[in-house]
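Reading through the structure tokens given below for one structure.
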Amino acid sequence: MEVLLYTILTLCVLGVLAAVILYVVAQKFKVEEDPRIDQVEKMLPGANCGGCGFAGCRGMAEALVKRDDISALYCPVGGGDCMKAVAGFLGKAAAEKEPQVATVRCGGTCEKRPRTNQFNGARSCAVAASLYIGETGCSFGCLGFGDCVTACSFDAIHINPSTGLPEVDADKCTACGACVKACPKQVIELRKKWPKNRAVYVSCVSKDKGAVVMKACKAGCIGCGKCAKVCAFGAITVENNLAYIDPQKCKLCRKCVNECPTGAIRLVGMEPLPKAPKTAPAAAPAAAPAAKPAAAPAAKPAAAPAAEKPAAEAKAAPAAKKTDAE
């Protein structure tokens, strides 16, 4: 019994001693934390999506409080209103950033991009991309296994079973960029969010030549450059056999949509421009009827040529001599 009692007392003493040591160490090495960090963290949406570049909202709040210049910091989930509120609380200036939305730049549906084989491995885009080009002849297109869907924390992207491609709900998308990082083919891009979710973009990322693209996908960009020629704002460039529309320069004039021979330029939220009817070549003016020639006056009997007169006289002379002889 005494042994048990001594054991309990010893453990209690050791526990108290350890607590004292931990308290002294904590006081010695404690770090003073700005109380504003907790308040700023509460002002952030708390999504912890990593779209701001930090592991979570706590890291973002610490950076906002400690940095004097917060123009490079932006919370895509909270948006401009959230950043203005945080900047006002901290007495700093926040840079304004236009809203963005995730855009799937692949138009290779099941009809346009037929499957040539079947993948029997793990249903993961990352795994499939590390093994081979995909189930179609296009080595640049979407694999369709849904890594982007898994990465999205806001239920803003889903795979359409009829097309086999991911579709983004612009109203739910916060432009956190998680789906962009998850796509091994770099098919998804953050682009400018237009009012009423309007958009004009090239739904293709293939850099193959036109003949190769047409064999693999009927909706791919062949790099013909017709869209760049009709763009009056210099928003379209063609590099490596691929056209790209700069969302900062594009004015949504929609002229390029009608010029694309393969339909690679996608139009969202707007109706296409009516195509101008082909004008027939102008017909040549009918020739005026030829005027009837005026009736020529009756010709007078022409006088005998002078050369014929001596001959006539010569014939008459023998006749006259014959008469005299008689």
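Every number in this text was worked out from the coordinates using simple rules, so none of it is lab data. Owing to the predicted nature of the structure, the values given are computational and were not obtained by experimental measurement. Virtual Cβ from ideal backbone geometry, glycine too; neighbours counted across all protein chains shown.
Overview of values
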{"read-out": "For segment 100-268, Kirkwood radius (reciprocal of mean inverse C-alpha pair distance, Å)", "value": "16.3 Å"}
{"read-out": "Interchain or long-range residues, amide H under 5 Å from L273's placed H", "value": "none"}
{"read-out": "Two-site FRET efficiency, R115 against N240, from Cβ-Cβ distance with R₀ of 25 Å, rounded to 0.05", "value": "0.45"}
{"read-out": "Dipole of segment 98-214, positive end: most advanced residue of L165, V127, G137 [Cβ charges, Cα centre]", "value": "G137"}
{"read-out": "For peptides 20-31, 233-244, sequence by mean Cβ density within 10 Å, most packed first", "value": "233-244, 20-31"}
{"read-out": "J(HN,Hα) series, segment 172-184, from Karplus relation 6.51 cos²θ - 1.76 cosθ + 1.60, nearest Hz, glycine and proline x", "value": "8, 5, 10, 6, 6, x, 5, 5, 5, 5, 7, 7, x"}
{"read-out": "Net dipole in debye of segment 34-97 [+1 Lys, Arg Cβ; -1 Asp, Glu Cβ; about Cα centre; nearest 20]", "value": "20 debye"}
{"read-out": "At most 12 other Cβ within 10 Å, DSSP loop - trypsin sites (Lys or Arg not before Pro), segment 217-265", "value": "K249, K251"}
{"read-out": "Low-density loop cleavage sites - GluC sites (Glu not before Pro) in segment 1-106, where at most 14 other Cβ are within 10 Å (DSSP)", "value": "E32, E33, E96"}
{"read-out": "Using a Förster distance of 45 Å, the FRET efficiency for K196-D69 (Cβ separation, nearest 0.05)", "value": "0.85"}
{"read-out": "Relative pair counts by distance (%), Cα atoms of segment 34-97, 5 Å bins", "value": "3, 21, 35, 30, 10, 0"}
{"read-out": "Pairs from K192/K251; K193/K249; K112/K207; K193/K229 whose Cα-Cα separation, in the structure shown, is over 19 Å", "value": "K193/K229"}
{"read-out": "Rg to Rh, two decimals, where segment 41-159 supplies the alpha carbon set and Rh follows Kirkwood", "value": "1.14"}
{"read-out": "Segment 15-119 - percent relative contact order, Cα under 8 Å, separation 6 or more", "value": "19 percent"}
{"read-out": "Dipole axis of segment 4-48 (+1 Lys, Arg; -1 Asp, Glu on Cβ), positive-most option in L44, L4, L22", "value": "L4"}
{"read-out": "Segment 48-100: relative contact order in percent, alpha carbon pairs under 8 Å with at least 6 residues between", "value": "31 percent"}
{"read-out": "Cleavage-rule hits, trypsin sites (Lys or Arg not before Pro), segment 57-135, DSSP coil, Cβ neighbours within 10 Å at most 14", "value": "R67, K97, R123"}
{"read-out": "Distance between modelled label sites at N258 and V127, nm, 7 Å Cα→Cβ extension", "value": "4.9 nm"}
{"read-out": "Sites I8 and E32 - FRET efficiency at Förster radius 45 Å, r taken between beta-carbons, to 0.05", "value": "0.70"}
